Amino acid sequence: MRKALRGRIRGCLLAGAVGDALGAPVEFDASLDEIRRRFGPEGLREPAPAYGRVGAITDDSQLTLFTAEGLVLAAVGGALPERSSVVRNVHRAYLRWLRTQGEYSRHPTFERTSEGWLLAVPALHARRAPGATCLSALASDRMGRVEHPLNTSKGCGGLMRVAPVGLALAADDPFGLGCDIAALTHGHPSGYLAAGFFAHVIRELVTGASLEAACQEAGEELRRRPHHEECTSAVERALALAKRGSRDPEAVASLGQGWIAEEALAIALYCALGAPDFESALRLAVNHGGDSDSTGSLTGNLLGAALSEGVIPARWLGVLELREEIERMADELCAAVGGGA
């Protein structure tokens, strides 16, 4: 059981980073037509240069790593039984990420957030188009909360970093914890409910459920939450579209561009459901005129958690930036919060 869990946790984080890196070169392309002009009629098919190298990760993977570090340190410090303590640990991790970006926070703990080892990784100090909402929210003198939001943003920046929440089996209520961690920076219900849904799906996948069953389970939880209607509608559109059997970029475009949370979630679910293979799913997830690195990352998280690390092509892993650090963090997460499986 421990070996299988380790493979799924590694798969989730590595495949998410691979999807992030695959989408990075086209994140700011305005349309699918522009991508096809650059890469040919089938669009982007293999990792291409971004940020000066092939396989570069973006802020999506950076923040995912810091989420994982916050969870690990919460476990080591005995904070897992208390959800608010876990959220504070993850917020401290995000303040460390903020330091890597050369930014300052008015939060009273900012100068004292030096724990963990990620802060000492030079490559994590690179700026990879960090989201303005994440930067401004973390610069605040207080943490955002579901009950006391900092803003009304529903950008996907709260969603794209929460996969480790679902992987932390020793933490109760992945849906609620995912919402709380997303709400640190994104205050609109669709912004944090999409994150809660995603964390719940990852939990179901890593414990052996199918993606269809995981979506059903998370959907039931979603509908219990106030203001769920917008997120529920996006999820239902994605699931209905996936059942039709076609997998094409035009269908992705009908779900949105992925800049906002419920659209990014819908695109990832559609691309992961029923794709013939891992590579096809990730290519579908990044070839659109929108937030391609985030939709690629989320799709990778889903498939890596469902299928384990062996599903990732070796040639894509071979060029992935910070591969060893991602594997190390995955192993620490498994050891610290893997639930004793």
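Every read-out reported here was derived from the displayed coordinates using simple, explicitly stated rules and does not represent laboratory data. Just so you know, these numbers come straight off a predicted model, no measurement behind them. Cβ placement follows ideal geometry from the backbone for every residue including glycine, while neighbour counts extend to all protein chains displayed.
Mind checking which of Leu239, Ser294, Ile312 is farthest towards the positive end of region 210-341's charge dipole, using Cβ charges of +1 (Lys, Arg) and -1 (Asp, Glu) about the Cα centre?
Final value for the positive-end residue is Leu239.
Under the definition of Cα pairs under 8 Å and six or more residues apart, what whole-number percent is the relative contact order of region 173-227?
Relative CO of region 173-227 lands at 34 percent.
Once you have the alpha carbon radius of gyration of region 176-225, what is it after dividing by 2.2 N^0.38 Å, with N set to its residue count? Could the numbers behind the result be given before it?
Details: Rg = 10.7 Å, N = 50, 2.2 N^0.38 = 9.7 Å.
For region 176-225, the normalised Cα radius of gyration comes out at 1.10.
Taking Cα pairs under 8 Å and at least six residues apart, what relative contact order does region 2-337 come out at, in percent?
Numbers: 702 pairs, mean separation 103.2, N = 336.
Over region 2-337, the number comes to 31 percent.
Can you list, largest first and rounded to whole Å, the semi-axes you get for region 13-111 by taking the square root of 5 times each eigenvalue of its Cα gyration tensor? Walk me through the intermediate numbers first.
Values: eigenvalues 250, 46, 21 Å².
After diagonalising the Cα gyration tensor, the semi-axes are 35, 15, 10 Å.
Using Cβ contacts closer than 10 Å as the measure, can you line up Phe198, Phe278, Phe28 from fewest to most?
Details: Phe198 30, Phe278 24, Phe28 14.
Fewest-to-most Cβ neighbours within 10 Å comes out as Phe28, Phe278, Phe198.
Treat the count of other C-beta atoms within 10 Å as a stand-in for reagent exposure and order Thr113, Thr295 from fewest to most. Numbers along the way, then the final one.
Working: Thr113 19, Thr295 37.
Fewest to most other Cβ atoms nearby, the residues stand as Thr113, Thr295.
Can you tell me the equivalent ellipsoid semi-axes for region 255-341? Use √(5λ) from the Cα gyration tensor, largest first, whole Å. Each step should come with its number before you reach the end.
Values: eigenvalues 116, 46, 34 Å².
For region 255-341, the semi-axes come out at 24, 15, 13 Å.
At a 10 Å Cβ-Cβ cut-off, how would you order Trp97, Trp117, fewest neighbours first?
By the 10 Å Cβ count, ascending: Trp117, Trp97.
With every atom except the alpha carbons ignored, what do you get for Rg and Dmax of the chain, in angstroms?
17.9, 53
How far is the Cα center of region 163-209 from the Cα center of region 283-341, in Å?
Their Cα centres are 16 Å away from one another.
Using the eigenvalues of the Cα gyration tensor, what equivalent ellipsoid semi-axes result for region 71-157 when each is taken as the square root of five times the eigenvalue, whole Å, largest first?
After diagonalising the Cα gyration tensor, the semi-axes are 20, 19, 12 Å.
Are there DSSP H segments in the chain that both extend 27 Å or more along their axis (alpha-carbon positions) and score a mean Kyte-Doolittle hydropathy of at least -0.5? List them, or say none.
Details: long enough: 2-23 (31 Å, 0.28).
Helices meeting the span and hydropathy rule in the chain are 2-23.
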